[in-house]
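Enquirer: The structure under discussion is supplied below as structure tokens; questions concerning it will follow.
Read-outs throughout are calculated quantities, based only on the coordinates presented, and are distinct from any laboratory measurement. Keep in mind that this is a model prediction, so the values were computed, not measured. FYI the Cβ positions are ideal-geometry reconstructions off the backbone, even for glycines, and counts take in every protein chain you see.
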Amino acid sequence: MQPAHDLLTALGFDSDCVQRVCYLVGHHHTYHAVDGLDYQILIEADFLVNLYEDDASASAVQAAYKNIFKTKTGKQLCHTIFCI
């Protein structure tokens, strides 16, 4: 998180933005208590990449679709990428 903090601060982002980005970076593998749309989008994007890179089984994709994906766009992308 320190590199993100340092980079964003050097680029002039306000402290609220820097704090939020650092929080998201530090928690993007924590799937409970999702406290914002930005957090949900990050989790869904991370899942899409991980499911693809891990060549996840159809049942794993279905479970993620059911349990993780909440946004309309995330669901559409998961459906399109994995043909579910």
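Enquirer: How large is the dipole of the chain about the Cα centre if only Lys and Arg carry +1 and Asp and Glu carry -1, each at its Cβ, rounded to the nearest 20 debye?
Expert: It comes to approximately 400 debye.
Enquirer: Further, regarding this structure: Here are a few candidate values for semi-axes √(5λ) of the Cα gyration tensor in Å: (i) 24, 16, 12; (ii) 21, 12, 11; (iii) 29, 12, 11. Which one was actually calculated from the structure I just gave you?
Expert: Answer by label: (iii).
Enquirer: Checking the a/c ratio against 1.5 first, then a/b against b/c, what shape does the Cα gyration tensor give for segment 16-56?
Expert: Cα axes put segment 16-56 in the prolate bin.
Enquirer: What order do you get for ILE84, ILE43, ILE68 when you list them from fewest to most C-beta neighbours inside 10 Å?
Expert: Ascending number of Cβ neighbours within 10 Å: ILE84, ILE68, ILE43.
Enquirer: Same structure, new question: With the alpha-carbon atoms as the only input, what is the per residue convex hull volume for segment 35-84 in Å³?
Expert: 62
Enquirer: Determine the sum of side-chain charges near LYS70: Lys and Arg each +1, Asp and Glu each -1, restricted to other residues whose C-beta is under 14 angstrom from that of LYS70.
Expert: -1
Enquirer: Which trypsin sites (Lys or Arg not before Pro) does segment 15-84 hold that lie in a coil by DSSP with at most 13 other beta carbons within 10 Å?
Expert: LYS70
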